[in-house]
Amino acid sequence: MNESLLNEDWQTIVSRLGGTKMLEATARETKAFVRPREISNAVDLLRLILAYCLGERGLRLTAAWATSVGLADISNVALLYRLRQCGDWLTLLVGQALAAAAPKASQGRLIRLVDATTVPKKGGAQQGVWRIHSAFDLPRERFGHFELTDQQGGETLDRIPVVKGEIRIGDRAYLQPNRMAALKDAGADFVIRAGWKGARWLDGEGRSIDLVAELRNAPSDQIDRPIWIKLKRRSPLAVRLVVVKKPPEAAAAARRKAHQEARRGGHQISKQTLDAADWVILVTSLQPDGFATADVLALYRLRWRIELGFKRLKSLIGLKGPPAASERSARPHILAHLLIMLLLEPFVDELEDSPRLANAA
């Protein structure tokens, strides 16, 4: 596929990135391409950078390939230098590709799945990872935002810019009460997975609630009720607790996982953790008059779509750990893969071997 992208489909890629004039202008704006030397223009520079980042040749063989096809007479050292100058340019191109596919909130409520994936730094995961913070937008089923950090860049609910009216969906890592409140203040709603001790649960009078006791005393296999979460330096956040009991097989699997994690951590598992493992616990700012219990649960089940997006990024596009240790070299390498992912998304179903999972859901 990479050979196809770098040969007969090259003009299509250039066109989708705004054309030759746009690429020349943005390359000069970001100082990725200042003047013609070994490489005569910005379009050839981009083709060379993508050939290296998406291929398996390495610097020396990519430079030899460029010479053999008449693209550029460049050494591997000069190619590395050029790569390191392209980080801001590729960031700009990724942003333009995201903007071109952005859904219009006025056409209906945007569903935005947030999550992060990682690739190891050079030398393996023990040397650290690069983290790709992402938003996957529905119903278009397209990535709507990327942000690249190292392992110090934590997964935060408000890292992705808010689109007013969106419904943001995240797993337990995003149960961040003050950030949830900020998201609501910005005009968005959320559906977040919760753990039984992931927040300070309160009733309407500000008294603490034992969430596990609520689960044990549930009159049925689901709960849908108001609840409040304690915040720092502001009034408690009013949310809606939506809980459903897992099927027996899923509950048993969750209990086994909890036991395994306790063994790995070297601690005794609590009775509360085992009891909570039987339930899917969600908190949401969506109101029941517009979103019934079943609707909230259905929204959260959409989270698998972003996992599929990450799978495509790593298997179809071939994203793996960059071959360089420095951020100046690793960042363009990862951004090149993200850029190609965005360009291919409209055609991704034709490229995959299996039918789209969404149709089977």
A careful count of residues in region 100-118 that are of a type in the set (Gly, Ala, Ser), over 16 Å from the mean Cα position of the chain (by Cα) and either in a helix (DSSP H, G or I) or at pLDDT 90 or above (or both) gives 3
Counting only residues that are part of a helix (DSSP H, G or I) and not aliphatic (A, V, I, L, M), how many does region 6-40 have? 11
From the list Arg57, Arg82, Arg47, which residue is over 26 Å from Lys21 (Cβ atoms) and without any contact (Cβ under 8 Å) to a residue 60 or more places away in the chain? Arg57
Condition check: small (Gly, Ala, Ser) and in contact (Cβ under 8 Å) with a residue 24 or more places away in the chain. Does Ala213 satisfy that? no
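For residues that are part of a strand (DSSP E or B) and either open to solvent by less than 20 Å² (accessible area, probe 1.4 Å) or touching a Leu at 6+ places or on another chain (Cβ under 7 Å) (or both), scanning just region 126-141, find the one that is farthest from Leu183 (Cα to Cα). Don't jump to the end; show me each part of the working.
Step one: list which residues in region 126-141 are part of a strand (DSSP E or B), which gives 129-138.
Subsequent filtering for residues that are either open to solvent by less than 20 Å² (accessible area, probe 1.4 Å) or touching a Leu at 6+ places or on another chain (Cβ under 7 Å) (or both) retains 130, 132-138.
Numbers: Trp130: 26, Ile132: 21, His133: 17, Ser134: 16, Ala135: 15, Phe136: 17, Asp137: 17, Leu138: 18 Å.
Here the answer is Trp130.
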Expected single match for surrounded by 15 or more Cβ atoms within 10 Å (Cβ to Cβ) and modelled with pLDDT under 90 among Gly144, Gly123 is Gly144
Examine region 37-55 for a residue that is of a type in the set (A, V, I, L, M), farther than 14 Å from Leu339 by Cβ and open to solvent by 40 Å² or more (accessible area, probe 1.4 Å), and state whether such a residue exists. no
So, Gln272, is that one farther than 30 Å from Ile227 by Cα and either among the basic types (Lys, Arg) or out of contact with any Pro (no Cβ under 7 Å at 6 or more places or on another chain) (or both) or not? no
Subset of region 306-327 that is more than 18 Å from Gly128 (Cβ to Cβ) and not in a helix (DSSP H, G or I) - its residue that is most open to solvent (accessible area, probe 1.4 Å): Gly318
Of the conditions (1) surrounded by fewer than 15 Cβ atoms within 10 Å (Cβ to Cβ); (2) under 29 Å from the mean Cα position of the chain (by Cα), the single one that Val34 does not satisfy is (2)
Give me the residue from region 274-329 that is in contact with a strand residue (DSSP E or B) (Cβ under 7 Å, 6 or more places away or on another chain) and among the basic types (Lys, Arg) and, out of that set, nearest to Leu241 (Cα to Cα). Arg303
All but one of (1) of a type outside the set (Ser, Thr, Tyr); (2) touching a residue at least 24 places away in the same chain (Cβ under 8 Å); (3) surrounded by fewer than 19 Cβ atoms within 10 Å (Cβ to Cβ) hold for Leu113, so report the exception by its number. (3)
Ala78 passes all but one of the listed conditions (1) open to solvent by 50 Å² or more (accessible area, probe 1.4 Å); (2) part of a helix (DSSP H, G or I); (3) modelled with pLDDT of 90 or more; the exception is number (1)
Please give the number of the condition Leu17 fails out of (1) touching a Lys or Arg at 6+ places or on another chain (Cβ under 9 Å); (2) open to solvent by less than 20 Å² (accessible area, probe 1.4 Å); (3) within 27 Å of Lys314 (Cα to Cα). (1)
Would you check which residues across region 190-207 are in contact (Cβ under 8 Å) with a residue 40 or more places away in the chain, open to solvent by 40 Å² or more (accessible area, probe 1.4 Å) and not basic (Lys, Arg) and list them? Trp196
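Taking the options Arg225, Arg301, Arg263, name whichever one is surrounded by fewer than 18 Cβ atoms within 10 Å (Cβ to Cβ) and farther than 29 Å from Arg112 by Cβ. It would help to see each step written out before you state the result.
Numbers: Arg225 fails: farther than 29 Å from Arg112 by Cβ; Arg301 fails: farther than 29 Å from Arg112 by Cβ.
Selected residue: Arg263, the only one of Arg225, Arg301, Arg263 that is surrounded by fewer than 18 Cβ atoms within 10 Å (Cβ to Cβ) and farther than 29 Å from Arg112 by Cβ.
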Could you tell me how many of the residues in region 147-189 are open to solvent by 10 Å² or more (accessible area, probe 1.4 Å), under 25 Å from Trp201 (Cβ atoms) and of a type in the set (Gly, Ala, Ser)? 4
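The values are calculated or read from the model by the stated rules, or taken from the named source; none is laboratory data. Bear in mind the structure is a predicted one, so any value in this text is a computation, not a measurement. When we count neighbours, we look across all protein chains shown, and the Cβ atoms used for this are built from the backbone with ideal geometry, even at glycine. Quick note on the areas: whole protein, heavy atoms, side chains included, nothing else; ligands and nucleic acids left out. Shrake-Rupley method; radii C 1.70, N 1.55, O 1.52, S 1.80 Å.
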